[in-house]
Amino acid sequence: MALSSPVSLASNALADTFFDWGVIAETFPRLISEGLLNTLTIAAGAIVLGVVIALAAAMLLLSNRWWVRLPARLYVDVFRGLPVIITVMLVGVGLPAAGIRPFGTDPLGYAVLAIGIISGAYTAEIFRSGIQSVDSGQLQAARSLGLSYLKAMRLVVVPQGIRRVLPAMTGQFVKDIKESSLVYLLGLAVGQRELYFIAQEEVARTYNSSPLIAAGICYLALTIPMTYFVNYLDRRLREGPRPDKTPASADPDLPTTPLQPAGGEAR
């Protein structure tokens, strides 16, 4: 019993520190009413911005001219190589300090811009690899039908390439949701605070880490269903449409008697 006492005390301390259900229950309403909405707003805005930037950058990366590829390659290499926290600070603090204020004093806009720029750099490489995986004959066939290069890429090649990289894109979108937690560094205003910011405030108020567990549950509630849904969608796209198992009705115009072989009588 003497040996189990320290273990029991340690277990109780861990439970009280990380799994105080009373503190978690107090934190959840604010996380859901304010933090969840703002996290989704930042992540959705960053995903849309990242996809737009990535499509443009991927098209430049596929060019045969080095001077066209160079700006896109610099953008991708720089923002994939920088730590996320540095990019967030450069965009959210550096731009306003330099007098570049496209969003005025609203930190939420800079948060979306920072995460979107990072997402675009990673997604551009995903798109590039997906488009290059499409057989070159697809482009040639589209061009032979009279489509221009841009229209053939937009209507034939790019949709096939994107379908092939759906799982990788999902991983990037999940990453965008998680990286939105770093925008707390920009000092979001009341009503703009995302999940991590609220959890951090509750930790400071209660001197307990249970609010971080509550925020983690909210993040998992966003990321896990998204992963499974896109995996299901990817599987359906690979399998194609399910065959119709309903037997076709007989055509009344077709003869019901068996056909006789030509040049002889039916046996």
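The values are calculated or read from the model by the stated rules, or taken from the named source; none is laboratory data. Not measured: the values here are computed from a predicted model. Every residue, glycine among them, receives a Cβ derived from its backbone with ideal geometry; neighbour counts consider all protein chains shown. Note: accessible area is taken over every heavy atom of the protein model, side chains too, but ligands, DNA and RNA are not part of it. Shrake-Rupley method; radii C 1.70, N 1.55, O 1.52, S 1.80 Å.
In the set LEU254, LEU212, LEU233, LEU222, only one residue is modelled with pLDDT under 90 and touching a helix residue (DSSP H, G or I) at 6+ places or on another chain (Cβ under 8 Å); that residue is LEU233.
Set side by side, the residues VAL93, VAL48, VAL68, VAL78 differ, and just one is more than 18 Å from the chain's Cα centre (by Cα), hydrophobic (A, V, I, L, M, F, W, C), at pLDDT 95 or above and open to solvent by 20 Å² or more (accessible area, probe 1.4 Å), which is VAL78.
Comparison of GLY191, GLY171 shows that the only residue that is open to solvent by 30 Å² or more (accessible area, probe 1.4 Å) and under 26 Å from PRO96 (Cβ atoms) is GLY191. Hey, among the residues in region 1-59 that are touching a residue at least 40 places away in the same chain (Cβ under 8 Å) and among the hydroxyl-bearing types (Ser, Thr, Tyr), which one's farthest from ILE177 (Cα to Cα)? Among those residues, the one meeting the criterion is THR17.
Per the listing ALA215, ALA221, ALA199, ALA204, the residue uniquely aliphatic (A, V, I, L, M) and either in a loop (DSSP other than H, G, I, E, B) or under 15 Å from the mean Cα position of the chain (by Cα) (or both) is ALA221. A single entry from VAL134, VAL158, VAL165, VAL174 fulfils the requirement of being in contact with a helix residue (DSSP H, G or I) (Cβ under 9 Å, 6 or more places away or on another chain) and closer than 21 Å to GLY45 by Cβ: VAL174.
Within region 153-193, track down each residue that is part of a loop (DSSP other than H, G, I, E, B) and closer than 30 Å to GLN140 by Cα. Give the steps one after another, and end with the answer.
Residues of region 153-193 that are part of a loop (DSSP other than H, G, I, E, B), as a first pass: 165, 187-193.
Result: VAL165, single match.
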